[in-house]
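Reading through the structure tokens given below for one structure.
Values in this text are rule-based calculations from the coordinates and carry no lab data. From a predicted model like this one, the values you see are computed outputs, not experimental measurements. Glycine gets a Cβ as well: all are built from the backbone with ideal geometry, and neighbour counts include every protein chain shown.
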Ligand SMILES: Nc1ncnc2c1ncn2[C@@H]1O[C@H](COP(=O)(O)OP(=O)(O)OP(=O)(O)O)[C@@H](O)[C@H]1O
Ligand SMILES: [Mg+2]
């Protein structure tokens, strides 16, 4: 086994971006039929390394061998030719087309005419072989994230890929979808495919991978066999130190800060997204909003912020009705917001880190005086926040779009958590963050709670919800099915509620809003 | 904070390369048509910069190009496409011409600022209407500004032919009464330096406007908001920067720059408003803004380039006998290459470090 030629062998890979050495002399060896986890902190160089393997970037130094032969991969076309496929974190699908059409789209073997039946048959065949469930005739715009991801996988398989790269595939999935994905990944391995998996979740590494490569600051930190290591050992290799455990604290709730009652709102595609929401969050309390993505959580957050018009109902912040306020006025009342999609809603990507830190505060002291920006104050604050929130590199002048995914998220969090808001609406605040950064954000949220801030935490990570929340509300199809005290919210019970089983509410806990 | 002029120097390669490319290709056309490209370009250069007088005439053409270029550029920065610089210029000219002729006896210290204000405000209101229609009704600004370009032309027919602005004893071309002496922008080049130069103080106003453009966008909160809306509308919106309000504001500002151009043409050059006056700046303005990458220094340089083409082209025709259409070909090629910039970038990506960020 050990003597077999590795299917992927990258040696001495280096890559610079201007001043920044993103990768320095990195090795990666992957064996055929393996599930190989690639882990490391935000900005460690995981995506960059995979972009090199897939031909999106060219390495400054180093060699890549595929099946023992030196490969010159100048673009994705070469990579596809060599049997390498990449499932990006941002799906590249055409929403109005069907699953089957998306799978064959851009494939050069197909003729100019689409033979619908033939395509659907071939796609079904692939699905059967790899145990992937997705209705070939369904439109992409109608299927959830998890299914869209399966379409990306099918697309790659359709092109005959032998080596599949997944860049943080689980970040946007619900726990159930994660289980399904891992089942698919195991089937792929069973069929002789090789999988490279980037993830920040050690639980996932332990659950599916065979080997682990750890990167730290652009260098190899460890190469491990999963069965002969522990999560703690991986974490130490990633971070370079032991991790602290967050001491579970519980809040001392005060007055009601956020009060939502009878809230109804339309979705973007017509039809109701929210069907009469009642919810309260007190000062010094974290209320977790659990639920499978797309059940109205984001729409609720948008309504509170004033980004979406409610059709009926009341939203009060600190006793004042804000249902008809725009985001400017809502934020002025002390509401902070961490949007779900950092690249579209959270950040102005071409702006610098410092400029993004002042987004929404650009007309206020100390960043501006009488409408004139104060460049020195902006830079100073940018440098301070970049250091405090551990944005790497900690350079306030760098363009945010060039930061790694996790570091982009830190910029959003730095902006929203650095002041003293009355209410924080945080939608997936730790998506894409590494372990240490997640821990840091959790601590900041807990600090804000001790300060007396009310926090509405929306997350698809059940662990995160359960670790931080005082009470947990479960959303399903635009309604809140139950609000449970954290102590009663077992994983099973939450799972059942998230699937819409109201029976799981139980005797003792009601659905009262506050 | 990034510097605008910096932005341009960081990536001037593409505009410079496209201009050179267009010149070479244009030369090829000259050669095919049986002339000597070197002679042609020498004549063009001589025409534009050959004597102090030529230079001052070229600058004169550059002024409205620069201001309408700034008009398009400021809207671009906020993500809007202002096709209406031409119409806004005309409204500014009409407003300035009306004020200048209405109180002809006022002293310059009162009348000149009034005329200036009228020009800027006229353009701003006209541009602002397009912004408001977009913000309140979702009407595409490209459509409205194009329609506005036509509307003002017809309004001017009426105003100047039988309407309230018709000069009492105008012959030939319909025109307004001349503006008062106090509304005239003085010539700033003394006769002993450049004999009979027409270069007026409008040049200084245009440079001042360029500085204002830079200051607004990179030194004020409003400018920050405009750029944020242009580069990340949804991020700006959730942060409390209402994109719709900023659309109205930026179109008014864009109109103000163009309106200033109109005022300068009236106060500095023609001293009255003619029917069919100063046509054709709208599309050149878009070219100037695109080539200048919507950055202050870039817009100044490309306005100069287009002005040189315009003046040099005419002289090239009379001196070297080469059709001034060559200049139009070169201009079109420049635009074509700029538009193909995405292609150039894609090629650059294959060679070097990519510009795109990946998470
Ligand atoms: N196109 C680029 N231009 C400049 N710097 C870049 C570019 N792409 C990546 N970098 C830098 O290279 C480093 C490695 O980035 P990379 O995206 O590979 O990190 P990562 O390990 O995938 O992190 P994350 O877990 O946050 O996604 C980061 O510091 C990032 O800022
Ligand atoms: Mg990454």
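Quantify how much of the Cα-Cα distance distribution of the range A:382-421 extends past 15 Å, in percent.
Values: 223 of 780 pairs.
Within the range A:382-421, distances greater than 15 Å cover 29 percent of Cα pairs.
Can you sort A:219, B:246 by how many other beta carbons sit within 10 Å, fewest first? Don't jump to the answer; show the numbers that get you there.
Working: A:219 16, B:246 25.
In order of increasing Cβ crowding within 10 Å: A:219, B:246.
Order A:30-43, B:136-149 from most to least packed using the mean count of other Cβ atoms within 10 Å. Can you show the working numbers first?
Values: A:30-43: 23.1, B:136-149: 16.6.
Ranked from most to least packed, the peptides come out as A:30-43, B:136-149.
Take the alpha-carbon centre of the range B:34-86, take the same for the range A:173-229, and report the distance between them in whole Å.
60
Starting from the Cα-Cα distance between residue A:77 and residue A:117, subtract it from 0.36 nm times their residue separation and give me the gain in nm to one decimal. Intermediate results must be reported in sequence, preceding the final value.
On the way: separation 40, 0.36 × 40 = 14.40 nm, distance 2.75 nm.
Here the segment from residue A:77 to residue A:117 would lengthen by 11.7 nm.
In vacuo Debye scattering of chain B, one point per C-alpha: log10 I(q)/I(0) at q = 0.06, 0.12 Å⁻¹?
Taken in order of the listed q values, log10 I(q)/I(0) reads -0.24, -0.93.
Among DSSP beta bridges whose residues both lie in chain A, state the antiparallel percentage, nearest 5. Walk me through the numbers before you get to the answer.
Details: 45 of 81 bridges.
DSSP beta bridges in chain A are roughly 55 percent antiparallel.
Send over the Kirkwood Rh of chain A, from the inverse of the averaged 1/r over different Cα pairs, rounded to one decimal Å.
Working: mean 1/r = 0.0410 Å⁻¹.
Averaging 1/r across every pair of different Cα atoms and inverting gives 24.4 Å.
Average partner chain C-beta neighbours within 10 Å, per residue of B:282-292?
Partner Cβ neighbours, averaged per residue: 0.
Starting with the fewest neighbours, write out A:206, B:165, B:263, A:238 ranked by other beta-carbon atoms found within 10 Å of each beta-carbon. It would help to have the intermediate numbers written out before the result.
Numbers: A:206 16, B:165 21, B:263 34, A:238 24.
By the 10 Å Cβ count, ascending: A:206, B:165, A:238, B:263.
Calculate the mean, over all residues of peptide A:341-354, of how many other protein chain Cβ atoms lie within 10 angstrom of the residue's Cβ.
Details: counts 2, 2, 4, 5, 8, 5, 4, 12, 4, 7, 8, 2, 0, 2.
Partner Cβ neighbours, averaged per residue: 5.
In µm²/s, what is D for the range B:126-179 at 4 °C and 1.567 mPa s, where D = kT/(6 pi eta Rh) by Stokes-Einstein and Rh is the Kirkwood radius from Cα pairs?
Numbers: Rh = 12.8 Å.
Estimated diffusion coefficient is 101 µm²/s.
Starting from the exponent 0.38 and prefactor 2.2 Å, build the expected Rg for the protein assembly as shown from its residue count and divide its actual Cα Rg by it. Mind showing how you got there, number by number?
Working: Rg = 31.8 Å, N = 873, 2.2 N^0.38 = 28.8 Å.
Here the answer is 1.10, to two decimals.
Can you tell me the Rg and Dmax of the range A:348-418, counting just the alpha carbons, in angstroms?
Taking only Cα atoms of the range A:348-418, I get Rg and Dmax of 11.2, 35 Å.
Give me A:342, A:116 ranked fewest to most by other Cβ atoms within 10 Å of their Cβ, as a rough exposure proxy. Let's see the in-between values first.
Working: A:342 25, A:116 13.
Ordered from fewest to most neighbouring Cβ atoms within 10 Å, A:342, A:116 come out as A:116, A:342.
How large is the translational diffusion coefficient of the range A:160-296 in µm² per second when you combine the Kirkwood radius over alpha carbon pairs with Stokes-Einstein at 37 °C and 0.692 mPa s? All intermediate terms of the calculation are to be shown ahead of the outcome.
Working: Rh = 19.1 Å.
For the chosen part, D equals 172 µm²/s.
Take the Cα atoms of the range A:8-239, find their three principal axes, and give me the spread along each one in whole Å, biggest first.
That gives 50, 36, 31 Å along the principal axes, largest extent first.
Out of all DSSP beta bridges with both ends in the protein assembly as shown, state the antiparallel percent to the nearest 5. Each step should come with its number before you reach the end.
On the way: 49 of 85 bridges.
So the antiparallel bridges in the protein assembly as shown amount to around 60 percent.
Across peptide B:215-228, what mean number of C-beta atoms from other chains lies inside 10 Å of a residue's C-beta? All intermediate terms of the calculation are to be shown ahead of the outcome.
Values: counts 1, 0, 0, 2, 6, 7, 12, 6, 4, 11, 4, 0, 4, 9.
Taking the mean over all residues of the peptide, I get 5.
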